Amino acid sequence: MRESVEAKLLRLTQMEETLWAQGLRVAGIDEVGRGPLAGPVVTACVSIPRDRLVPGVDDSKKLSEKKRESLYPLLLDAADYAETCFLPPSVIDEINILNATKRAMETCAANFRGVFLVDAVQALHLPGEARPLIHGDALSYMIGAASIVAKVARDHYMIELDEKYPMYGFARNKGYGTAEHIAALKAYGPCPAHRRTFIAKILGG
């Protein structure tokens, strides 16, 4: 039996409801782009008041591109805090993808005060209590909202990057290592948007 929108909203806000009942503000933090060969890692920190929740939120990976795009402006409009952080390939290559992800999460959350629900990542330096949740984007409304904001923001960036470097198919593959992308890498070599530490084996480095 398919879960109703109302039932999903109740399920995804269970942790938030507990915190709201204590008079606490709640934000979700998530990332997108840890695995691609090119482009930034992008994080989002999003807090939406209890009385402004947007129905339809879920883990961004479970939603179609059309659904994510439709939710994106609604979430930004409803949020009382919504920040994204983009860290480029040069930083990822310098400090590794996990540390880059942590730095981006800390940056986008820096001006929020409250409790942070975080998708899996631990040992963050945040201005409030952090509660890491495994598969948090499928368990928490706020993390799901953050996952959508981060995903759409990064997709838009990669589509713009495709105009600058059309040979790699970034608008289609978003920087991930598809057969098309790898073939283009071997044919044309890397561009400044590529993560050198990620493509070294592909290029025989």
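The values are calculated or read from the model by the stated rules, or taken from the named source; none is laboratory data. Computed from a predicted model, the values in this text were never measured in an experiment. Don't worry about glycine lacking a Cβ; one is built from the backbone with ideal geometry, like all the others, and counts go over all protein chains shown. We work out accessible area using only protein heavy atoms, side chains counted, and drop any ligands, DNA or RNA first. Shrake-Rupley method; radii C 1.70, N 1.55, O 1.52, S 1.80 Å.
Solvent-accessible surface of region 144-205, averaged per residue with a 1.4 angstrom probe and all protein chains in place: 48 square angstrom.
Sites listed here are chymotrypsin sites (Phe, Trp or Tyr not before Pro) in region 125-172 whose DSSP assignment is loop and whose Cβ has at most 16 other Cβ atoms within 10 Å, and the list is empty. Farthest towards the positive end of the charge dipole of the chain, among the residues PRO55, SER4, ILE92, is the Cα of ILE92, using unit charges on the Cβ of Lys, Arg, Asp and Glu. Accessible surface calculations at 1.4 Å, restricted to protein heavy atoms, place region 58-110 at 51 Å² per residue. May I ask which residue of LEU133, HIS156, TYR176 lies farthest towards the positive end of the charge dipole of region 132-199, with charges of +1 (Lys, Arg) and -1 (Asp, Glu) on Cβ and the Cα centre as origin? So the residue furthest toward the plus end is TYR176. Among the protein heavy atoms of the chain, carbon and sulfur supply 54% of the accessible surface, probe 1.4 Å, non-protein parts ignored. Only the Cβ atoms of Lys and Arg (+1) and of Asp and Glu (-1) were treated as charged; on that basis the dipole of the chain about its Cα centre amounts to roughly 480 debye. Modelled spin-label separation between ASP93 and LYS186, with each label point placed 7 Å from Cα along the Cα-to-Cβ direction: 2.2 nm. Oblate is the label for region 1-67, because the ratio a/c of its alpha-carbon gyration tensor axes (a ≥ b ≥ c) is 1.5 or higher and a/b is not greater than b/c. In this Cβ point-charge picture (+1 for Lys and Arg, -1 for Asp and Glu), region 148-188 has a dipole of about 140 debye about its Cα centre. Hey, what number do you get for the chain at 222 nm if only DSSP H runs of n ≥ 4 count, each worth -39500 (n - 2.57), divided across all residues, to the nearest 500? Taken over the chain, the calculation gives -13000 deg cm²/dmol. Once C-alpha pairs closer than 8 Å and six or more residues apart are averaged by separation and normalised to the residue number of region 84-169, the relative contact order reads 19 percent.
A probe of 1.4 angstrom, applied to the heavy atoms of all protein chains, finds LYS61 with accessible area near 150 square angstrom.
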